[in-house]
Amino acid sequence: LHNQVQELKGNIRVFCRVRPSLKSEPASDLTLMQYPDEADDAKEINILGPEEKSSLGTVTRKNNTFSFDRVFSPSTQNAEVFDEISQLVQSALDGYNVCIFCYGQTGSGKTHTMSSADGMIPRAVHQIYETAQGLEEKGWRYTMAGNFVEVYNENLNDLLGNPDELDKKKHEIRHDMQRGKTTITDITTVNLDSPEMVESILKNADANRSVAATKANERSSRSHSVFILKLTGENHITGERSEGTLNLVDLAGSERLSHSGATGERLKETQNINRSLSSLGDVISALGQGKDGGHIPYRNSKLTYLLQFSLGGNSKTLMFVMVSPLQAHMSETLTSLKFATKVHNT
Ligand code: ADP
Ligand code: MG
């Protein structure tokens, strides 16, 4: 097949993206960040700590430098970000299982990057559609089946289903171990026979969540949403077949959710988010240490269980660590960057 990204196999790549400040955020509220290699393909970010005065009166700031596969500064647009993942997206057409995650605290730009009308989800669908059309003259016919699900409190919900059933209908994850295939029971599957359908899918999912919660934003920051695109290709000239999956995941907010003070429903949510984010880190670490085939703790959370066949084996993973430029968020920023460094170094 037309695959030039073979060398990425098994590697977990991490991209860092710093969002710009919004109109409501004055310059005095911003963290001092430096991008030491101001190149087109910057890979480092330095977060400067607060000013510290020594006994001799000299003022210093602590450097907190982090390296990733790419660092996108605040002026970067979604189009440039997509350029950097387009090959990875493409490899789902070649039969790979691809996972792309957005990790970061609430307000750091995950949804803007992933699920907005201008984000990676619609861009990926448009590109896949175009490429598939180009492959038609070589004999390839592709079908694209889409699901959009949410993991909320360790329950799986159908974001494309009937809003009245959102928290009521039970969906089971079924793995076919032999064929490496995952199905979800009673889930709505949309055949994307035109790329424009993705816009209505995103709207539908939003509407679904707003019905469920008084504050849709709050719910989406406390749940993981997973856009799943199954790409099945058949070549009627050569008889070849290809089956790949693209998973685009907008994770729940990673902010340190302390258990203190939280009670009831909130406490349960908090524990579930903490557990699933740390499970994701554990699974990625275990895979990175070459334990594929050995014990990987997929079953520790619904999210990793759902993505089991897209994280190990014949798969490629990329994580965006999203960062807010605000001073008030600096400690969360450092925590996120440390988590991402751990993921990057496995
Ligand atoms: P999250 O999903 O991580 O909670 P959002 O994507 O909702 O964060 O971003 C928070 C706010 O910042 C939103 O108003 C969003 O439009 C804005 N924003 C985020 N990233 C960017 C960006 N790269 N450029 C412009 N605005 C952004
Ligand atoms: Mg969001």
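Since every read-out is calculated from the coordinates, none of them should be taken as a lab result. In this text, all values refer to a predicted model and were calculated from it rather than measured experimentally. Backbone-built Cβ (ideal geometry, glycine too); neighbour counts: all protein chains shown.
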Item to check | Farthest toward positive dipole pole in the stretch 249-346 [+1 Lys/Arg, -1 Asp/Glu at C-beta], among 295, 253, 267 | outcome: 295
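Under the rule a/c < 1.5 gives rounded, and otherwise a/b versus b/c splits prolate from oblate, where does the chain land using the Cα gyration tensor?
Prolate.
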Checklist entry - For the chain, what is the relative contact order in percent, using Cα pairs closer than 8 Å and at least 6 residues apart in sequence? => result 28 percent
Checklist outcome for this item: Residues meeting the amide H criterion for residue 254 (H placed from the backbone, H to H distance under 5 Å, 5 or more places apart or on another chain) are 104, 105, 106
Item to check | Separation in nanometres of the label points that stand 7 Å from Cα toward Cβ, at residue 169 and residue 77 | outcome: 3.9 nm
Item to check | Rounded to the nearest 20 debye, dipole of the stretch 221-346 from Cβ charges on Lys, Arg, Asp, Glu | outcome: 320 debye
Item to check | the chain, dipole about Cα centre (Lys/Arg Cβ +1, Asp/Glu Cβ -1), debye to the nearest 20 | outcome: 1100 debye
Checklist entry - What number comes out for the charge environment of residue 299, summing +1 per Lys or Arg and -1 per Asp or Glu over other residues with Cβ under 13 Å away? => result 0
Next on the checklist: If I model a spin label at residue 29 and residue 274 as a point 7 Å from the Cα along the Cα→Cβ vector, what separation in nanometres do I get?
Outcome noted: 2.8 nm
Checklist outcome for this item: Residue-normalised 222 nm signal for the chain, counting each DSSP H run of n ≥ 4 as -39,500 (n - 2.57), nearest 500 deg cm²/dmol, is -9500 deg cm²/dmol
Checklist entry - Among 142, 309, 99, whose Cα sits farthest toward the positive end of the charge dipole of the chain (+1 at Cβ of Lys/Arg, -1 at Cβ of Asp/Glu, about the Cα centre)? => result 309
Checklist outcome for this item: Once amide hydrogens are built 1.01 Å from N within the peptide plane, the residues lying 5 or more places from residue 316 or on another chain with amide H under 5 Å from its amide H are 97, 98, 99
Checklist entry - Considering amide H positions built from the backbone, and no H for Pro or chain starts, which residues 5 or more places from residue 181, or on another chain, come under 5 Å of its amide H? => result 176
Checklist entry - What does the charge dipole of the stretch 26-90 about its Cα centre add up to, to the nearest 20 debye, if the Cβ of each Lys and Arg holds +1 and the Cβ of each Asp and Glu holds -1? => result 420 debye
Checklist entry - Which whole-Hz couplings ³J(HN,Hα) result when phi for each residue of the stretch 98-106 is put into the Karplus expression 6.51 cos²θ - 1.76 cosθ + 1.60, θ = phi - 60°, listed in order with x for Gly and Pro? => result 10, 10, 10, 10, 10, 10, x, 6, 4
